[in-house]
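Nothing in this text is a laboratory measurement; each read-out follows from the coordinates by a stated rule. What you see is a predicted model, and the numbers here were worked out from it, not measured in a lab. Cβ placement follows ideal geometry from the backbone for every residue including glycine, while neighbour counts extend to all protein chains displayed.
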Amino acid sequence: MATPQLSGLAHSWAYATNYYATTHPSLPNYLSLIGGSTFGISSDCVSCFVNSANLPTELSQKGVSWTAYMESIPNSCYLSPYAPSGLYAGKHDPFVYFDNVRASTSLCANIKPLSELTPRLSSSSARLASFVWITPNICNDGHNCSASTAGSWLQNMVSQITSSPAWKDNGALYVTWDEGNGGDYRGLSSAGAITPSGGGGHVLTLVIEPGLSGGAVLSQPMDHYSLLKTIENNFGVSQLGLSANQRLPTLP
């Protein structure tokens, strides 16, 4: 890991060394993370909406609160593919691609600007949703800005989260990237083997939980469906799509 901030986080917590994205480019990876499938989408299309079960609606049906915080989104339930600032990109917000989220005023209202999260993290009395998703803007995710910019942003965000009462109370923070570099097509087969093609490449994934040993290495082959399965198991909801593969390991 050439970025010092990322290396520092990995060695302070646990990190997966055989974790793979599901495909290229960005959008289908995001869909797989909350939908269990890429739904045949192979581009960063802006209006290829999906009519399918998904994690946020399953959580809501079970009575589990959730909030998706998007950095630089102009307002809650913003449905345009790009913000005027150019920093928010809908292709990195999978929640707005599901019809049943878009069509529900109450569900869509759970998609909020990241600026609303910071005061809640620092307050001992503010309530947070049971499941929280965070997407940085396209500068702070390293897409349009340097790796060091992204590393500094992540280091600061992790510090805020791990200092919060919510995380200290049996919380878990998972940090992953949507895809590997453009020339890396490695992925995970349904049998759990690493394949040279058919995937989205190798990505760093961090597991940040109270009590975890610093620098713990998770070496089992995993992918985005592993992370989805982990979340589903944690909240006791049904396993969606490819996350239901019994051979698929989960994160701590």
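Amide H contacts under 5 Å for Y19: V203, M222, restricted to partners 5 or more places along the chain or on a different chain, H placed in the peptide plane at 1.01 Å from N.
Along each principal axis, taking the top coordinate minus the bottom one, the Cα set of segment 19-89 gives 35, 30, 26 Å in descending order. You can think of it this way: the chain between A147 and R247 has 32.6 nm of extra reach, that is 0.36 nm per residue less the Cα-Cα gap.
Only Cα pairs under 8 Å and at least 6 apart count here; give the relative contact order of segment 1-114 as a rounded whole percent.
25 percent
Within segment 4-244, what percent of beta bridges assigned by DSSP are antiparallel, to the nearest 5?
In segment 4-244, approximately 40 percent of DSSP beta bridges are antiparallel ones.
Under a 5 Å amide H cut-off, with hydrogens placed 1.01 Å from N, I111 pairs with A68, C77 among residues at least 5 apart or on other chains.
Would you calculate the volume per residue, in Å³, of the smallest convex hull containing every Cα atom of the chain? Each step should come with its number before you reach the end.
Numbers: hull volume 30.3 nm³, N = 252.
Once divided by residue count, the hull of the chain is 120 Å³.
In the chain, excluding the sites themselves, the longest stretch lacking any of the trypsin sites (Lys or Arg not before Pro) that are in a DSSP loop with at most 15 other Cβ atoms within 10 Å is 128-246.
When restricted to Cα atoms, segment 197-239 yields an Rg and a Dmax of 12.6, 36 Å, respectively.
Summarising the overall dimensions of segment 114-239 from its C-alpha atoms, the Rg and Dmax are 16.2, 49 angstrom. Overall size of segment 5-148 from C-alpha positions, given as principal axis extents largest first: 41, 41, 33 Å.
Under conditions of 10 °C and 1.306 mPa s, segment 84-130 yields 126 µm² s⁻¹ as its translational diffusion coefficient, taking Rh as the Kirkwood radius over Cα pairs in the Stokes-Einstein equation.
For a label point 7 Å from the Cα of Q61 along Cα→C-beta, name the residues of segment 84-125 whose backbone N is under 13 Å from it. Answer for segment 84-125: 100-101. Normalising the average separation of contacting C-alpha pairs (under 8 angstrom, six or more residues apart) by the number of residues puts the relative contact order of the chain at 32 percent. GNM on the chain, alpha-carbon springs under 10 angstrom: the most fluctuating residue among G215, G63, G200 is G63.
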